[in-house]
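The values are calculated or read from the model by the stated rules, or taken from the named source; none is laboratory data. Quick caveat: nothing in here was measured; it's all calculated off a predicted structure. Cβ placement follows ideal geometry from the backbone for every residue including glycine, while neighbour counts extend to all protein chains displayed.
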Amino acid sequence: MAAQIGAPAAARAHEELFAYWASLKGGARLPARRDVDPADIKRLLPTLSLIDVLADTPKRGLIDYRIRLAGTGLYGVYGREITGRRLGEVYSTPAADYWRRELGKVVVEGRPAVGVHNLGWRGAGHLSLLWLRLPLASDGQRVDMILGFDAVVGVQQAATSGIRAA
């Protein structure tokens, strides 16, 4: 499982990324991917993601998402590489539907979103992702990418050594 941090440290990391994102905005104009300089947020890179907004079936207006880039720290959360995969390839149907709803709000409203997602689907119900999703727009208005940050928080399980008290 990925490196775990406490909730206060996770909240500070969220505040740091949000402040950076807000500094890139130009009034009502949303920042674009080209505005984000990884060197400015180097400490956060391991659990950052970039999510492409895809019009899956334009006639019906359905939106799907592809993880364009997932930081190396996310490998432990998902147990595999998720870069290049769509939500349905990463999550079970209920979890993919949860993310489609949450990401859809970011796209439609053009506003950041934050939440908590339990990792019970990975067999780690004692852990959760404290997540942040920030809209990016190439044209400054229409969200076409989402910048994500995830922090694993929760109760750490005691490691068992196999040695037991008599």
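Within the stretch 30-53, residues that are over 20 Å from residue 138 (Cα atoms) sit with their Cβ atoms under 6 Å from residues that are at pLDDT below 95 and assigned to a strand (DSSP E or B), at 6+ positions apart or across chains, in these pairs: 47/150. The criterion of being of a type in the set (Gly, Ala, Ser) and either under 26 Å from residue 30 (Cα atoms) or at pLDDT below 80 (or both) holds for residue 128. Just one of the numbered conditions (1) among the basic types (Lys, Arg); (2) at pLDDT 95 or above; (3) surrounded by 16 or more Cβ atoms within 10 Å (Cβ to Cβ) is not true of residue 68: (3).
Among the residues of the stretch 67-88, the ones that are more than 17 Å from residue 98 (Cβ to Cβ) and charged (D, E, K, R) come to 3 in all. Residue count for the stretch 74-87, restricted to those that are surrounded by 15 or more Cβ atoms within 10 Å (Cβ to Cβ) and modelled with pLDDT under 90: 5. Which members of the stretch 96-125 meet the condition of being touching a strand residue (DSSP E or B) at 6+ places or on another chain (Cβ under 7 Å) and at pLDDT below 85? 117, 118, 119, 125 - these are the residues of the stretch 96-125 that are touching a strand residue (DSSP E or B) at 6+ places or on another chain (Cβ under 7 Å) and at pLDDT below 85.
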